[in-house]
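Visitor: Dropping a structure here in structure tokens format, bear with me for questions.
The values are calculated or read from the model by the stated rules, or taken from the named source; none is laboratory data. Just so it is clear, the structure is predicted and the values come from calculations on it, not from any experiment. We place every Cβ from the backbone using ideal geometry, glycine too, and count neighbours over all the protein chains shown.
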Amino acid sequence: NYNRSLEEAVSFMKKHDRFLVLSHVNPDGDATGSALAVAQMLRNLGKTFVVINEGETPARFSFLPGFEQIRNVSQSPLEESFSAVIAVDCADRSRMGNVEHLFAQDVQLLNIDHHPTNDEFGTCNVIRTDAAATAEILYDLAVAGHLPFQADLALCLYTGLLTDTGGFRYSNTTPHVMESAASLLKYGVNPGEVAERCLEVITLGHVNILRQALGSLKLSFQNQVASVCVSRQDLAEANADREDAGGLVNYCRNIEGVEVGISFVEAEPNVVKVSLRARSYVNVAEIAKQLGGGGHAKAAGCTLHGSLDEVRDRVLALLGEVMGVKDNE
Ligand code: 5GP
Ligand code: MN
Ligand code: MN
């Protein structure tokens, strides 16, 4: 029961004194906004906490209150061991990255998430798979727990709602999302500024890598699938990093008539980050799950080992099976 789990999450926050707050590797706006929203709530409850990520948090989110306190534990290791951990927007333990050395043996772990592939890895789990964003669940949590809203908390939650709905455009944009967002605006969130920073601004590196990636565009299965590949060499030549390669998959999915868009980005030698987006009927979470990843029905991903060509062939073959199309032309 969702309401009961919200109550349990609030008592989890009240019961413990010191917390480790974290989100998933390569954090997005929902992961970062949600982690910082939890931090705001804990601060308001008089608790102490450390907010971490396994890696770096994109500078795009530096406008979020508390951003500068997020610790990149792969760069500045932490010695402390935590007995209370709050994980947001993580579908499973592996999404947290290499952070479990920070957990005490008898760690109490609060798992707050909206992914259908969530495996309830927490000791306390608040999962609503029809929520558009983890931030939407946290909005409900703040209401259920009578936690005070103020400008900082509102900005963090609004950012999660905005980014995980693609600017209130995806099919996960429900009345509840709009009502929550509207009420957050009343705390002084500037919607134009948040959208500008999260959705409009693109880096020069992104434009450069886009130019390269479009050259690799491949249409398969009677133009129902579109994919692009980005190698490490492409990234180097474009003076771009992995973060700059985000969003390429949308160009594929947005092509008229395409059902599934895919981007293959070589993150490390022989390690390929795969992003999948569906337009209507294909469930890409199921495909990603079969490949060791996960996500949502219309946006999912995984990381595979092999060369770009090997990984592309493997994913396209599986996709052809699932879509029931044989002819890979
Ligand atoms: P993206 O393609 O933007 O990295 O991710 C799209 C969606 O799939 C996000 O909701 C993200 O959380 C999920 N996702 C991406 N990669 C993985 C993965 O390796 N494992 C799991 N469980 N989810 C993933
Ligand atoms: Mn996320
Ligand atoms: Mn999310």
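Yes/no per residue for (1) modelled with pLDDT of 95 or more; (2) more than 17 Å from Arg60 (Cβ to Cβ):
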site: Arg197; (1), (2): yes, no
site: Ile209; (1), (2): yes, no
site: Lys218; (1), (2): yes, yes
site: Asn223; (1), (2): yes, yes
site: Val228; (1), (2): yes, yes
site: Asp241; (1), (2): no, no
site: Val249; (1), (2): yes, yes
site: Arg253; (1), (2): yes, yes
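Visitor: Also, I was wondering about something else. Which residues, taken from the stretch 1-33, are within 16 Å of ligand 2 (Cβ to nearest atom), of a type outside the set (A, V, I, L, M, F, W, C) and within 23 Å of Ala104 (Cα to Cα)?
Guide: Ser23, His24
Visitor: Within the bounds of the stretch 133-151, is there any residue that is under 15 Å from the mean Cα position of the chain (by Cα), in contact (Cβ under 8 Å) with a residue 40 or more places away in the chain, assigned to a loop (DSSP other than H, G, I, E, B) and under 28 Å from Ile287 (Cα atoms)?
Guide: yes
Visitor: Here's another thing I want to ask about it. Taking the stretch 268-289 as the search range and keeping residues that are in a helix (DSSP H, G or I) and in contact with a Cys (Cβ under 9 Å, 6 or more places away or on another chain), which one is farthest from Asp30 (Cα to Cα)? So that I can check it myself, show each step before the final result.
Guide: First, pick out the residues of the stretch 268-289 that are in a helix (DSSP H, G or I): 284-289.
Next cut, in contact with a Cys (Cβ under 9 Å, 6 or more places away or on another chain) only: 287-289.
Working: Ile287: 23, Ala288: 20, Lys289: 21 Å.
Here the residue is Ile287.
Visitor: Report yes if some residue within the stretch 97-115 is polar (S, T, N, Q) and in contact with a Leu (Cβ under 8 Å, 6 or more places away or on another chain); otherwise report no.
Guide: no
Visitor: Still on this model: With within 30 Å of Ala317 (Cα to Cα), of a type outside the set (Asp, Glu), surrounded by fewer than 16 Cβ atoms within 10 Å (Cβ to Cβ) and without any contact (Cβ under 8 Å) to a residue 60 or more places away in the chain as the only criterion, which of Arg211, Arg169 stands out?
Guide: None of the other options fit; the residue is Arg211.
Visitor: Another question about this same structure. Among the residues of the stretch 10-63, count how many are part of a strand (DSSP E or B) and basic (Lys, Arg). Break it down into steps so the answer makes sense when it comes.
Guide: Step one: of the stretch 10-63, the residues part of a strand (DSSP E or B) are 18-22, 48-53.
Still in the running and basic (Lys, Arg): 18.
Residues meeting the conditions: 1.
Okay, residues lined up against (1) within 24 Å of the chain's Cα centre (by Cα); (2) within 16 Å of ligand 1 (Cβ to nearest atom); (3) within 29 Å of Leu199 (Cβ to Cβ):
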site	(1), (2), (3)
Arg4	no, no, no
Glu7	no, no, no
Met13	yes, no, no
Arg18	no, no, no
Leu22	yes, yes, yes
Thr32	yes, yes, yes
Ala35	yes, yes, yes
